[in-house]
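This report concerns only the one structure given below.
The values are calculated or read from the model by the stated rules, or taken from the named source; none is laboratory data. Here the structure is a predicted model, which means the values were calculated and not measured. Neighbour counts are summed over all protein chains in view; Cβ atoms, including those assigned to glycine, are modelled from backbone coordinates with ideal geometry.
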Amino acid sequence: MNKTKLLILLSIITCVGFINTACAQSDDGLALKAKGKETVELRFNGRLQTQFDGLAMEENGSDLPSTSHFYFRRLFLGAKAKLSNGVYSESVFNFAGNDFSIDKAIIGHKFDSGVTGIAGYQKVPFGYEETTSSSKLQTIERSAINRFFADDIDFSARHMGLHAKGKLDNGLSYAWALVNGMQGEGSKLGGSSNGSNDLATFARLQWKEDKVTFGVDGGLQANNSVVGEDVSAYTAYVNYKDGGINLLGEYFTGDLGGNGDVNGFALRASHRDGDFEKVIRYATAKADSFVIDSDELIRRAPKGGDVGDLPGSIDNEIDSFYVGLNYYYSKAVTLMAGYEMAESSNAAGDDTADINGFRARIQVLW
């Protein structure tokens, strides 16, 4: 752990800086007190996911060195403060990577109209699976088509800006965001503190009643940092829950400008019986001309060569199948194991990469 991570971790432990609190020793033990008189509630939380990935990849007929390692998938420490005037603030910090990062940092307020306004850095409303916490997902990693928009072209996921959400009548709800077009932490746009970039807008309309949730999300991102052009995309999804049964279907479509369109979907089914849960998922993504990064969509797969430089080997389509078993030791402790098989192909229909491997995870929440 580097010096920056250590100092931040110690400041959380010693109640300094993050949420304006102080620690004092009393006869009854350690007492936690808020410096600000307006602070009426403080909450600390954390998430630790220790994971193993063992993935093999064959690219254009050649075996690549496999990835086989243990690591921290997530190591979150968070704090939330509520004030007497209705304002709240929440911060979540991630220590799992080589560099310390911010997962969430927001200031919010729920108005009398029922609208919650938020300023800060968090996920935008695009994609049901993407905006579902990893602690509640039935699969170890999100689907390939979801990762295309969130990771391959840096379209969805976390953006800095203004966010709003609220409820309408008859089970309807909505969410909206006006944010920096560039994905990632907002203090330095593109690595420069005095940089600027175009904006992006995202919106969600969702209906939920009893066992069914249906929604449509859309986004428009100016000057995408990966594609180099404006990107617009939409997703529609339906989620059905009944007892231990959980079914999810999600369809994506996007316009990548001169790179053509991309389309795909993911189907997931799980069944929980007592402490055990079985899950399967199929996902596919197909692009007109954009070179799909197989090792990006199948997280931590072996890093292949620049397939775009190999004749006839451009990855225009990827299909993935996942099967897994989860064990819920308690509400806070979950063990997950799964096997994933994926295959990518070019516009001519020739196979360019085959990926398969085993993943396992232990998750603890507090």
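Residues that are in a loop (DSSP other than H, G, I, E, B) and acidic (Asp, Glu): does the stretch 268-291 have at least one?
Yes, that holds for at least one residue.
Please count how many residues of the stretch 109-136 are within 10 Å of the chain's Cα centre (by Cα), surrounded by fewer than 20 Cβ atoms within 10 Å (Cβ to Cβ) and in a loop (DSSP other than H, G, I, E, B).
3
Among residues belonging to the stretch 37-60 that are in contact with a Ser or Thr (Cβ under 9 Å, 6 or more places away or on another chain) and at pLDDT below 90, point out the one that is surrounded by the fewest Cβ atoms within 10 Å (Cβ to Cβ).
So the residue we want is LYS37.
What about PHE214, is it buried (at least 16 other Cβ atoms within 10 Å of the Cβ) and in contact with a His (Cβ under 9 Å, 6 or more places away or on another chain)?
Taking the combined requirement at face value, the residue does not satisfy it.
What pairs come up if the first residue lies in the stretch 61-74 and is in contact (Cβ under 8 Å) with a residue 60 or more places away in the chain and under 15 Å from ILE140 (Cβ atoms), the second is assigned to a strand (DSSP E or B) and of a type in the set (Lys, Arg), and their beta carbons are under 8 Å apart, counting only those six or more places apart or on different chains?
ARG73/ARG361; ARG74/ARG47
For the stretch 163-189: of the residues being under 21 Å from TYR128 (Cα atoms), surrounded by fewer than 18 Cβ atoms within 10 Å (Cβ to Cβ) and polar (S, T, N, Q), which is modelled with the lowest pLDDT?
ASN170
Considering only strands (runs of 3 or more DSSP E) fully contained in the stretch 167-256, which possess at least 2 residues that are under 23 Å from ILE106 (Cβ atoms)?
172-180, 199-209, 212-221
One residue is enough: does the stretch 129-143 have a residue meeting the conditions closer than 24 Å to GLN221 by Cβ and hydrophobic (A, V, I, L, M, F, W, C)? Outline the logic, then answer.
Taking the stretch 129-143 and keeping what is closer than 24 Å to GLN221 by Cβ, we get 129-134, 141-143.
Now narrow it down to the ones that are hydrophobic (A, V, I, L, M, F, W, C): none.
Scanning the stretch 129-143, I find no residue that is closer than 24 Å to GLN221 by Cβ and hydrophobic (A, V, I, L, M, F, W, C), so the answer is no.
Please go through the stretch 150-176 and pick out each residue that is over 24 Å from VAL212 (Cβ atoms) and either more than 10 Å from the chain's Cα centre (by Cα) or polar (S, T, N, Q) (or both). I'd like the intermediate steps shown before the answer.
Going through the stretch 150-176, the residues over 24 Å from VAL212 (Cβ atoms) turn out to be 150-155, 157-164.
Selection gives ASP152, ILE153, ASP154, PHE155, HIS159, MET160, GLY161, LEU162, HIS163, ALA164.
What about PRO302, is it over 27 Å from HIS69 (Cβ atoms), in a loop (DSSP other than H, G, I, E, B) and at pLDDT below 95?
No: the conditions fail for PRO302.
Just to be sure, is ALA203 without any contact (Cβ under 8 Å) to a residue 24 or more places away in the chain, closer than 24 Å to ASN170 by Cα and under 19 Å from the mean Cα position of the chain (by Cα)?
Taking the combined requirement at face value, the residue does not satisfy it.
Looking only at the stretch 61-79, count every residue that is surrounded by fewer than 17 Cβ atoms within 10 Å (Cβ to Cβ) and either in a loop (DSSP other than H, G, I, E, B) or at pLDDT 90 or above (or both) and tell me the total.
Number satisfying all stated conditions: 6.
With PHE148, PHE155 as the choices, which residue is outside any strand (DSSP E or B), of a type in the set (A, V, I, L, M, F, W, C), in contact (Cβ under 8 Å) with a residue 60 or more places away in the chain and more than 25 Å from GLY120 (Cβ to Cβ)?
Of the residues listed, the single one that is outside any strand (DSSP E or B), of a type in the set (A, V, I, L, M, F, W, C), in contact (Cβ under 8 Å) with a residue 60 or more places away in the chain and more than 25 Å from GLY120 (Cβ to Cβ) is PHE148.
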